[in-house]
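Have a look at the structure below before the remarks.
The values are calculated or read from the model by the stated rules, or taken from the named source; none is laboratory data. Because the structure is predicted, anything quoted here is derived from the model rather than measured. Here Cβ is always computed from backbone atoms with ideal geometry, including for glycine, and neighbour counts include all displayed protein chains.
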Amino acid sequence: MQTYNGNSKNPWNRKLFPNFEYSDEEINYFDELVEKRPKFCEYSRNTTLDINTKRAALRISPSVVALISYSGEEELCQGCGTIIEVDNDNNNFVFTSANLIRRPTREYIVENNLADNLKVLVIVADGKSYGGEIVVHDFHYNILVLRFQSPLPLRAASLAHINDSLSLCVTEERSFELRPHAVKLVPGDPVVAFGRYSTSPFDIMAAPGIFSTDRSLLDCKELRLATCIITRCGEGGPLVNLSGQVIGMTYYDFSDDTPFLPINIMLKWWELYKSRGKCCHPSLGFEATNLYAAELHIIERVLKSFPNIWKGVIVEKVASGSAAHSSGLLRDDVIVQCGDTKVESFLELLEILWARVGDSVELVIARANHETLIHLNLTVAEAKTEELNSWPRWD
């Protein structure tokens, strides 16, 4: 439980006078919707929001939309999305989850196929609705980009790359070498998941939490985790820092945490799609995380051999028969450089490798019990169909 100056009582919790008068909208929600489509506020921790959460909500609110998909006349799914671009013709581009458009299935793992006779309704902050057009979808990362046109320009969200590198050196001075529009994100930092309810009065929904180093149990290894609790109809909405900047997109997994895909990955994917006209994914052949997240005894072994290496990406698993395996990469290797670029975080490494699909790159490795750095050549292949992530079905 979060504490405030050592006290578990939330100072923002305010007793309300009992309200025995309900609007027609509230009655409809409690009678018809609360069981099948609950709002975030059905979780008690989402009912008391502090001033910083409310400020972030007001900044992001104009860019958060509700989404409803249909197969013919039958409703398929409800979710949320974020307006990330607006062009000169008032075309609004929305990031959301591709679960919105998948063909229904009774299996535990969803199909990587589009539903038949798809229609998507986009509902904006003032309750007006527009027809959404599919621009591109990617079932590997479960990303969908929609486009809809509005009479007047709407507000695109502020997007911020995550810099999640941390140095293990306690005496290191603070680095100011952040990329433009990048924000520092470290475990324990407050974040908020947002969504918009699809029924009048189309409320903004907020679920505060913190960024965690814990792992998501979903198949996609690039997912990060926040302690926010959202509901099914909030999937695809933005994860935001307290400055109101979008740092990721949320997924629903029926737990007390919320997996999210970092905005770095989404923007790199979107950039490559716009430049190449297709989606591609690197087949890494290994799983890795930031050095600071490794177990202490592993970090100690590396630092005994390389006392000046405080940042990097540590390899946790190498797939047998993969290009990474053939290159000589081993578990507990620390990648400190890729090509000519120093590597300080996994997100940074992934972006570099993604841009080099089909090429060979040099990795510089720190390996425990070795006196010098090791240079390996890794061929970055494109992921095959059987390597794509699988995603569970949540009703």
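Just to be sure I understand, how many residues within the range 95-139 are surrounded by fewer than 19 Cβ atoms within 10 Å (Cβ to Cβ), modelled with pLDDT of 90 or more and of a type in the set (S, T, N, Q)?
2
Within the range 361-377, work out how many residues are without any contact (Cβ under 8 Å) to a residue 60 or more places away in the chain and either in a strand (DSSP E or B) or of a type in the set (A, V, I, L, M, F, W, C) (or both).
Taking the range 361-377 and keeping what is without any contact (Cβ under 8 Å) to a residue 60 or more places away in the chain, we get 361-365, 372, 374-377.
Okay, now just the ones that are also either in a strand (DSSP E or B) or of a type in the set (A, V, I, L, M, F, W, C) (or both), so 361-365, 374-377.
Looking only at that region, the number is 9.
Name the residues in the range 330-353 that are touching a helix residue (DSSP H, G or I) at 6+ places or on another chain (Cβ under 8 Å) and either surrounded by fewer than 18 Cβ atoms within 10 Å (Cβ to Cβ) or part of a loop (DSSP other than H, G, I, E, B) (or both), would you?
Residues satisfying the conditions are Asp332, Gly339, Thr341, Val343.
Here's a check for you: in the range 171-204, which residue that is more than 29 Å from Asn46 (Cα to Cα) and basic (Lys, Arg) is modelled with the lowest pLDDT?
Taking the candidates together, the pick is Arg174.
Residue check, Thr341 against (1) free of Cβ contacts under 8 Å to residues at least 12 places away in the same chain; (2) among the hydroxyl-bearing types (Ser, Thr, Tyr); (3) in contact with a strand residue (DSSP E or B) (Cβ under 9 Å, 6 or more places away or on another chain), all met but one. Which one?
(3)
Output the qualifying pairs, or none if there are none: Cβ atoms under 8 angstrom, residues six or more apart or on different chains, first residue in the range 117-128 and closer than 18 Å to Asn99 by Cβ, second residue of a type in the set (A, V, I, L, M, F, W, C) and in a loop (DSSP other than H, G, I, E, B).
Going by the 8 Å Cβ cut-off, the qualifying pairs are Ile123/Phe202.
Can you find, within the range 281-301, the residue that is nearest to Leu185 (Cα to Cα) among those that are charged (D, E, K, R) and part of a helix (DSSP H, G or I)?
Glu300
Considering only the range 105-151, give the strands (runs of 3 or more DSSP E) lying wholly within it that have at least 2 residues that are within 17 Å of Glu271 (Cα to Cα).
Strands (runs of 3 or more DSSP E) meeting the threshold: 129-138, 143-149.
Provide a single number: the residues in the range 304-326 that are touching a strand residue (DSSP E or B) at 6+ places or on another chain (Cβ under 9 Å) and either in contact (Cβ under 8 Å) with a residue 40 or more places away in the chain or not hydrophobic (A, V, I, L, M, F, W, C) (or both). It would help to see each step written out before you state the result.
Initially, the range 304-326 is screened for residues touching a strand residue (DSSP E or B) at 6+ places or on another chain (Cβ under 9 Å), giving 305-306, 309, 311-319, 322-326.
Cutting the leftovers down to either in contact (Cβ under 8 Å) with a residue 40 or more places away in the chain or not hydrophobic (A, V, I, L, M, F, W, C) (or both) gives us 305-306, 309, 311-312, 316-317, 322-326.
Within the range 304-326, residues that are touching a strand residue (DSSP E or B) at 6+ places or on another chain (Cβ under 9 Å) and either in contact (Cβ under 8 Å) with a residue 40 or more places away in the chain or not hydrophobic (A, V, I, L, M, F, W, C) (or both) number 12.
Going through the range 152-164 one residue at a time, which ones are part of a strand (DSSP E or B) and aliphatic (A, V, I, L, M)?
Correct list: Leu159, Ile162.
With the structure loaded, tell me whether Leu261 is at pLDDT below 90 and surrounded by 21 or more Cβ atoms within 10 Å (Cβ to Cβ) or whether it fails that test.
no
Hey, does the range 232-252 have a residue that's crowded, with 24+ Cβ neighbours inside 10 Å, modelled with pLDDT of 90 or more, part of a strand (DSSP E or B) and of a type in the set (Gly, Ala, Ser)?
yes
Out of the residues in the range 205-223 that are in contact with a helix residue (DSSP H, G or I) (Cβ under 9 Å, 6 or more places away or on another chain) and not in a loop (DSSP other than H, G, I, E, B), state the one that is farthest from Gly195 (Cα to Cα).
The residue in question is Gly209.
Suppose the filter is out of contact with any Gly (no Cβ under 6 Å at 6 or more places or on another chain), modelled with pLDDT of 90 or more and part of a loop (DSSP other than H, G, I, E, B); does Leu49 pass it? Break it down stepwise before answering.
Numbers: out of contact with any Gly (no Cβ under 6 Å at 6 or more places or on another chain): yes; modelled with pLDDT of 90 or more: yes; part of a loop (DSSP other than H, G, I, E, B): yes.
Taking the combined requirement at face value, the residue satisfies it.
Have a look at Asn142, Asn92 and point out the one that is at positive phi and crowded, with 20+ Cβ neighbours inside 10 Å.
The unique qualifying residue is Asn142.
Going by the structure shown, is Pro190 of a type outside the set (Ser, Thr, Tyr), more than 30 Å from Thr379 (Cα to Cα) and touching a helix residue (DSSP H, G or I) at 6+ places or on another chain (Cβ under 6 Å)? Show your work before the answer.
Values: of a type outside the set (Ser, Thr, Tyr): yes; more than 30 Å from Thr379 (Cα to Cα): yes; touching a helix residue (DSSP H, G or I) at 6+ places or on another chain (Cβ under 6 Å): no.
Criteria not met by Pro190.
From the list Lys278, Lys304, Lys317, Lys268, exactly one residue is assigned to a loop (DSSP other than H, G, I, E, B) and basic (Lys, Arg). Which is it?
Lys278
So in the range 311-329, with the set limited to residues that are more than 23 Å from Cys220 (Cβ to Cβ) and either modelled with pLDDT of 95 or more or among the small types (Gly, Ala, Ser) (or both), which one is surrounded by the fewest Cβ atoms within 10 Å (Cβ to Cβ)?
Ser326
Among the residues of the range 346-372, count how many are small (Gly, Ala, Ser), within 16 Å of Lys311 (Cβ to Cβ) and within 28 Å of the chain's Cα centre (by Cα).
Of the residues in that region, 0 qualify.
Residues in the range 59-104 that are under 20 Å from Phe194 (Cβ atoms), assigned to a strand (DSSP E or B) and among the aliphatic types (A, V, I, L, M): how many?
Applying the first criterion (under 20 Å from Phe194 (Cβ atoms)) to the range 59-104 yields 59-69, 77-86, 92-100.
Keeping just the survivors that are assigned to a strand (DSSP E or B) gives 64-69, 77-86, 92-97.
Okay, now just the ones that are also among the aliphatic types (A, V, I, L, M), so 64-68, 83-84, 86, 94.
Result for the range 59-104: 9.
Tell me yes or no: at least one residue of the range 209-221 is over 20 Å from Thr53 (Cα atoms), modelled with pLDDT of 85 or more and buried (at least 20 other Cβ atoms within 10 Å of the Cβ).
no
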